[in-house]
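So the structure is just underneath, and the comments pick up after that.
The values are calculated or read from the model by the stated rules, or taken from the named source; none is laboratory data. Note that the structure is predicted; figures quoted are calculated from it, not measured. Here the Cβ is made from the backbone with ideal geometry for all residues, glycine too, and neighbour counts use every protein chain on show. For the accessible areas, the whole protein counts, side chains as well, though only heavy atoms, and no ligand, DNA or RNA atoms are used. Shrake-Rupley method; radii C 1.70, N 1.55, O 1.52, S 1.80 Å.
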Amino acid sequence: WVELLKEIAPRVTRVGVLRDTGNTSGIGLWAVMQGAAPTLGVELKPIGLREVPEIERGIAAFARGPESGMIVLPGNLTVVNRDSISALAARYRLPAVYPYRFFVDAGGLISYGPNIYDAYHRAAGYVDRILKGTKPADLPVQNPTKYELVINNKTAKGLGVTVPPTLLARADEVIE
């Protein structure tokens, strides 16, 4: 996500990482991003969230700095409030990377993450097997197999961001 943000907004040097502190997976994601940040010339700043009122305060406070961008990590608080998070990123002119395409559908700039619809389809296959008698413990744990890169070109234009042709070519979908 850090690499994508630098590719779509090369001038970004400060990256606010919006994280639902109730989601423990954010700790591992934060560690991976910290490893990538120095080589990409960015400084990461955590924006921890525990409740809805902190979303606007956290984004507004971070956006005061120059050359800023944002990465939104997956979590209940961020997913449920995706519309307001996308709107706040646009209001404060923050190029942002999101974990799921529905953030981009809500007006976000770019997302890279697992295809949720494919995951639900695969889960339905597991339900079918369980209903036919397979013990859940006998089924292997599955990781996502389909990832998608989605770009909202309308949002990019609104932010004054020029999406590189190489990034457009890699995108699974470009929303005009």
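Could you state how much accessible area S68 has, in square angstrom rounded to the nearest 10, with a 1.4 Å probe and all protein chains kept in place?
The accessible area of S68 comes to roughly 10 Å².
Would you pull out the residues with amide H under 5 Å of K45's amide H, same chain only if 5 or more places away, H placed 1.01 Å from N?
V15, G16, V17
Could you give the distance between the Cα centres of the range 2-27 and the range 106-158, to the whole Å?
Comparing the Cα centres of the range 2-27 and the range 106-158, I get a distance of 21 Å.
Pick from R93, R101, R64: which residue has the top mean-square fluctuation in a GNM of the chain where Cα pairs under 10 Å get a spring?
Among R93, R101, R64, the largest GNM mean-square fluctuation belongs to R64.
Please give me the summed charge of the neighbours of A90: other residues whose Cβ is under 12 Å from its Cβ, Lys and Arg +1, Asp and Glu -1. Provide the component values of the computation, followed by the final result.
Numbers: positive: R91, R93, K154, K157; negative: D83.
Around A90, the charge tally is +3.
On average, how much accessible surface per residue is there in the chain, in Å², for a 1.4 Å probe, leaving out ligands, DNA and RNA? Kindly include the intermediate steps, with their values, before the conclusion.
Details: 9480 Å² over 176 residues.
Accessible area per residue, the chain: 54 Å².
Less than 11 Å Cβ to Cβ from L44, Lys/Arg counted +1 and Asp/Glu -1: what total charge do the surrounding residues give? Walk me through the intermediate numbers first.
Details: positive: R14, R19, K45; negative: E43.
That sum, taken over residues with Cβ under 11 Å, equals +2.
Between G107 and residues 5 or more places away or on another chain, which pairs have amide H atoms under 5 Å apart, with H built 1.01 Å from N, and which residues are they?
Here nothing satisfies the definition.
Which one is right for this structure if Rg/Rh (Cα atoms, Kirkwood Rh) is calculated from it: (i) 0.96; (ii) 1.02; (iii) 1.20?
It is the value labelled (ii).
If the elastic network links every pair of Cα atoms under 10 Å, which of V163, V80, V15 fluctuates the most in the Gaussian network model of the chain?
Per the Cα network of the chain with a 10 Å cutoff, V80 tops the list.
First compute the accessible area of the range 51-176 with a 1.4 Å probe, then give the percent of it belonging to carbon and sulfur atoms. Intermediate values should be presented prior to the final figure.
Values: 3830 of 6910 Å².
Here it works out to 55 percent.
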